[in-house]
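The values are calculated or read from the model by the stated rules, or taken from the named source; none is laboratory data. Small disclaimer: the values here were computed from a predicted structure and weren't measured. Every residue, glycine among them, receives a Cβ derived from its backbone with ideal geometry; neighbour counts consider all protein chains shown.
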Amino acid sequence: MRNLGLFLAILKRYNDGKYMHKVITKKLNIRLASGFTLVEIMVTMVIIGILSGVSIVGYGSWKESTITAQLKSDLNGAVAAMDNARNFGNGYPTAIPTTFKPSSGVTLKGGGLPGGKGFCITATNGNLSYSIDQDKKPLAGGRNLLIGNTALEKTSANEFLQYADLAPIFDVCGTIQYTISFDIKSANIANQSTMRVYMQNGSAYRYYFEASIPVSTTYTRRSVTVKPVLSNTSEVNSILAFYGTYGTGNKPSVKNVKVEFGSSASAWTLAP
């Protein structure tokens, strides 16, 4: 009798287990009216999500490549207009000829550099921007943008020196990255061995940047990489200045100044 009772208890647990298995299986395989299981619907939703993400990324890349092609096409058109204007004048015009109209959504900025021997033009659409020079190349270093005798040595009788107005360059090419290099020395570094390089025009200025450089009593080649900020549109000038603090004897002498595009300084050359 004891064995029979044990057998019946085991049989009951087995049947209960089979019943629970059936219940769980039935719940997992609940079918909707369409005939799909819950698991199948979840897998389908995951696949749709992945495909949607791929489509969005693909569309974004296609849109960017389309705008890029549009910007480059407009730049080439603007270059052709500048070249045509130069053929009928004494140099590149200060502004892009109005005979060329950019595409919808594209903004063109730039024109001829001071002296009319070069130009820079930037095309922008939204967050995308491309720039080009008179050689139909992206703006790059190497070419001195500062017109005039930049080899000229200027020496100050005090601790402050103005060298040249850079506003005409920034007005044409914009507030992009430039590298300004120069040979500089100080009359006396006993009290101060650094010098301030900045934009100045009295108490106001059109564009501004500021940097500090070390100096010695012999000429040393120095450079600063800057991105000027448009400060006051009512002002006309932004003069490159050097300051060694009044009363210190840190009086600057500067020569061989070069202003070029980009973040690297190249060997000094006169502007074309």
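Below, the figures for the structure above:
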quantity	calculated
Single condition Thr150 does not satisfy, out of (1) assigned to a helix (DSSP H, G or I); (2) of a type in the set (Ser, Thr, Tyr); (3) closer than 30 Å to Tyr219 by Cβ	(1)
Region 238-262, residues that are touching a Lys or Arg at 6+ places or on another chain (Cβ under 8 Å) and among the aromatic types (Phe, Trp, Tyr)	Phe242, Tyr243, Phe261
Pair list, Cβ under 7 Å, 6 or more apart: region 177-190 residue within 14 Å of Asn256 (Cα to Cα) and among the basic types (Lys, Arg), other residue at pLDDT 95 or above and assigned to a loop (DSSP other than H, G, I, E, B)	Lys185/Val215; Lys185/Ser216; Lys185/Thr217; Lys185/Thr218; Lys185/Tyr219
Residue check for Ser231: touching a helix residue (DSSP H, G or I) at 6+ places or on another chain (Cβ under 9 Å) and either surrounded by 18 or more Cβ atoms within 10 Å (Cβ to Cβ) or not charged (D, E, K, R) (or both)	no
Some residue of region 156-174 being in contact with a helix residue (DSSP H, G or I) (Cβ under 9 Å, 6 or more places away or on another chain), surrounded by 14 or more Cβ atoms within 10 Å (Cβ to Cβ) and modelled with pLDDT under 90	no
Residue check, Arg206 farther than 25 Å from Asp133 by Cβ and either assigned by TED's automatic domain parsing to the domain that holds Asp133 or not aliphatic (A, V, I, L, M) (or both)	no
Qualifying residue in region 196-208 (condition: in contact (Cβ under 8 Å) with a residue 60 or more places away in the chain and either under 33 Å from the mean Cα position of the chain (by Cα) or surrounded by fewer than 21 Cβ atoms within 10 Å (Cβ to Cβ) (or both))	no
